[in-house]
Amino acid sequence: MVVTCPNCRARYAVDPLKIGPLGRTVQCARCDHRWFEMVEGPPPAPELVIRPTTAGASLPAVIPPKPPFPWGRVIAIAVLLLVLIGTVLFAFRHEIAALIPYEARASAPVAIAAAPSTAAARPPAPPPPRPQIDIDLASSRIDVVAGRYVVSGQLVNNGTAAGSTSLLRVTFKRNEEVLGERSFPLVEGPLQPGGRTDFSQTLDDPPLGTTDIVPVVE
């Protein structure tokens, strides 16, 4: 809506949701005049918030799935450490033997040191390419169109292979309380790595008392 200062006639474009159904006092940025402004026409729809995932962000609350624990990386590091320790022990075996008391060496069984395994020293193969399609937080929003709530934004493939989506899952919450969950078909793709595409979905009759909407694509 357009708000006009009654003192200097400066005009401002203001979101009617910021004024509210009961009106509020506003101030002109040009002449500092203050007056009480009301929203003309039907009252604005109740404000829904898509919760930001980071503190201080003004983005929709798109909660991406937690990445899997990098077991492959942990195992690779452990193997490399074992190979390194074995190589050091083999290289300094004579110095280490000299530090062991003679009595202990005489009673210890004779063993032949094995060279480090070539297979163990070989670095693990890189993981296979996989798609990872997420909702771009910066371009996601919720609007009221003809009295109905519409979630729209962009999908982006952050993976290393082409992929497609099949489902948009929306969770309705009031603070931390889950009021309901709905799923909508969302077939988009295939998206190449780094590729983007727009999406839009109408949400009919969200549960009463909904304040947060959390959409996730699958």
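Can you name the number of the only condition in (1) more than 20 Å from the chain's Cα centre (by Cα); (2) of a type in the set (A, V, I, L, M); (3) surrounded by 14 or more Cβ atoms within 10 Å (Cβ to Cβ) that residue 142 fails?
(1)
Kindly indicate the residue of segment 181-199 that is in contact (Cβ under 8 Å) with a residue 24 or more places away in the chain and surrounded by fewer than 12 Cβ atoms within 10 Å (Cβ to Cβ) and also nearest to residue 133 (Cα to Cα) among those meeting that condition.
194
For segment 165-175, give me each residue that is surrounded by fewer than 15 Cβ atoms within 10 Å (Cβ to Cβ) and in a strand (DSSP E or B).
Of everything in segment 165-175, those that are surrounded by fewer than 15 Cβ atoms within 10 Å (Cβ to Cβ) and in a strand (DSSP E or B) turn out to be 166, 167, 169, 174.
Of the conditions (1) of a type in the set (Val, Ile, Thr); (2) at pLDDT below 85; (3) over 23 Å from residue 136 (Cβ atoms), residue 213 clears all except one; give me its number.
(3)
Select, from 188, 218, the only residue that is under 20 Å from residue 68 (Cα atoms), touching a strand residue (DSSP E or B) at 6+ places or on another chain (Cβ under 7 Å) and charged (D, E, K, R).
The unique qualifying residue is 218.
The values are calculated or read from the model by the stated rules, or taken from the named source; none is laboratory data. Keep in mind the model is a prediction, meaning the values are calculated, not measured. Heads up, the Cβs are rebuilt from the backbone with ideal geometry, glycines too, and the neighbour counts pull from every protein chain shown.
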